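Bear in mind these aren't lab numbers, they're just calculated from the coordinates by the rules spelled out. Because the structure is predicted, anything quoted here is derived from the model rather than measured. Cβ sites come from the backbone with ideal geometry, for glycine too, and all protein chains shown count toward neighbours.
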Amino acid sequence: MIGVGKIKQYTNVLDRPLSKGKQEVSLSAFAFLFSELVQYNQTQVDNIAELERRLEDAGYAVGARVLELLCHREKGNRRETRLLGILSFIHSTVWKVLFGKVADSLEKGTEHEDEYMISEKELLVNRFISIPKDMGAFNCGAFVAGIVKGVLDNAGFPAVVTAHFVPVDGQQRPRTTILIKFAEECYSLNARLALRLPDIHVLDQLKREPEQRKTSKNAKTSNDFTGWVLVRNNVTPLSCST
Amino acid sequence: MASTACFMIVSRNDIPIYEAEVGSVPKKEDAAHQHQFILHAALDIVQDMAWTTSAMFLKAIDRFNDLVVSVYVTAGHILSFV
């Protein structure tokens, strides 16, 4: 374990409380480490897209572990099952632990229903990085996008996460926005019922169910079979009625 | 203990990571892998229940004859079956 001085001897190593470890790391050490990470990846790839993908993969591993760790430490062993819940968890708890402050804002996209944005005036990882002109669209925030993707994927909400620069008037450096686009799976029937969000797909399915049941009304056994099918399709409210 | 208990850790993609047997009952030859089947069948139930509750410990989600299955789900959907 980390070599903190043995203040109290426990008879059993399993009884020892888990140490929280050092909460703060020096910013300059992180800046050096991150710049080295970017430089190393730069030598390995030929184009920007590949570089962004590598940073994202590095962040993905971080996100997966951060999710487990924070759920255990901060939230007292309660999982997140709601879409908004996990988003606000990322926006406040994860950001606070990683960057020392909550994210600036969490917004819902207006054009598509499954898009959300976390934006930050100045991303910590980008603070000491300058992008040369010939790599115009590249954003080292891809690392942070990878962290968010890792958290969402492992919590059961697959999503595509990217980082973008958004120029703001009256400010020299553009604002960084993490764009989160949830996959279709998150809006599946089961998830919708769990989230208790009304959805066209849910209503269509519910409208179709009575017709299915009407055709199998003749035999009792076929009714039971329909009931079993409904349970397997995870439409729990309807399975009770059969 | 009346019967042996089997402890399994399964990752989020239904890949078993760890398995252990706890108990003092001699292993029955005909039902050697019975507990694996039972836990496998309980996987589906857990997947559904995991979305309905935000608690981590789900007690007694399934019964098979006289064996009870309970599971602990972590934030990353890593399931620990007993």
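Protection proxy ranking for A:90-103, A:57-70, using the average of other Cβ atoms within 10 Å per residue and placing the highest first: A:57-70, A:90-103.
With the simple model of a label 7 Å out from the Cα in the direction of the Cβ, A:VAL45 to A:SER92 spans 3.4 nm.
For A:SER105, the residues 5 or more places off, or on other chains, whose built amide H falls under 5 Å of its own are A:SER119.
Measuring against 22 Å, Cα to Cα, the residue pairs A:LYS96/A:LYS121; A:LYS149/B:LYS59; A:LYS101/A:LYS121 contain A:LYS149/B:LYS59 as the ones spanning a longer distance. Net charge within 15 Å of A:ASN41 by Cβ-Cβ distance, Lys/Arg positive one each and Asp/Glu negative one each, not counting A:ASN41 itself? Surrounding charge for A:ASN41 is -4. Ordered by the number of other Cβ atoms lying within 10 Å of each residue's own Cβ, fewest first, A:THR177, B:THR52 fall into the sequence B:THR52, A:THR177. The mean number of Cβ atoms from other chains found within 10 Å of a Cβ in peptide B:48-58 is 5, as a whole number. From least to most packed, judged by other beta carbons within 10 angstrom and beginning with the fewest, A:ILE48, B:ILE17, A:ILE178 follow the order B:ILE17, A:ILE48, A:ILE178.
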